[in-house]
Amino acid sequence: MVFGATSPFNAATSYDLISRLLVIIVLGGMGSLRGALFASIGMLIISDVTDVVWSPVWASTVFFALLIVLLLFRPRGLYGRLEGRKQ
């Protein structure tokens with residue numbers, strides 16, 4: 001909801017939107033609503049800071065690079081659980 005409320009929607013860029021939302025879910029941790037909230041806020045902050053400091057063209061690239069670095073150290077995401085789902 002945070003990402004959707006603060007980002008403009010353009011139907012021609014649906015693949016960009018889908019990739020960003022998937023990254024928010026993976027970064028926050030699968031099944032973690034709190035993680036998705038913090039991941040979306042973090043994504044907005046990182047992209048806005050990159051827009052101001054560096055260039056708007058690099059905002060997505062910097063976020064995806066930081067995502068790769070974070071997932072190297074925490075493959076479950078920010079709030080992902082260690083154990084799998086019990087059936």
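Taken together, the values in this text are just the output of simple stated rules run on the coordinates, not laboratory data. In this text the structure is predicted, and so the values were computed from the model without any measurement. Backbone-built Cβ (ideal geometry, glycine too); neighbour counts: all protein chains shown.
Observations
- Counting 0.36 nm for each residue step from residue 21 to residue 54 and taking away their Cα separation leaves a gain of 9.5 nm.
- Model label sites at residue 45 and residue 76, defined 7 Å from Cα along the beta-carbon direction, differ in position by 2.2 nm.
- Chymotrypsin sites (Phe, Trp or Tyr not before Pro) restricted to DSSP loop in the range 11-74 with at most 16 other C-beta within 10 Å: 54
- Cα-projected label distance for residue 65 with residue 5, points at 7 Å along beta-carbon direction, nm: 3.1
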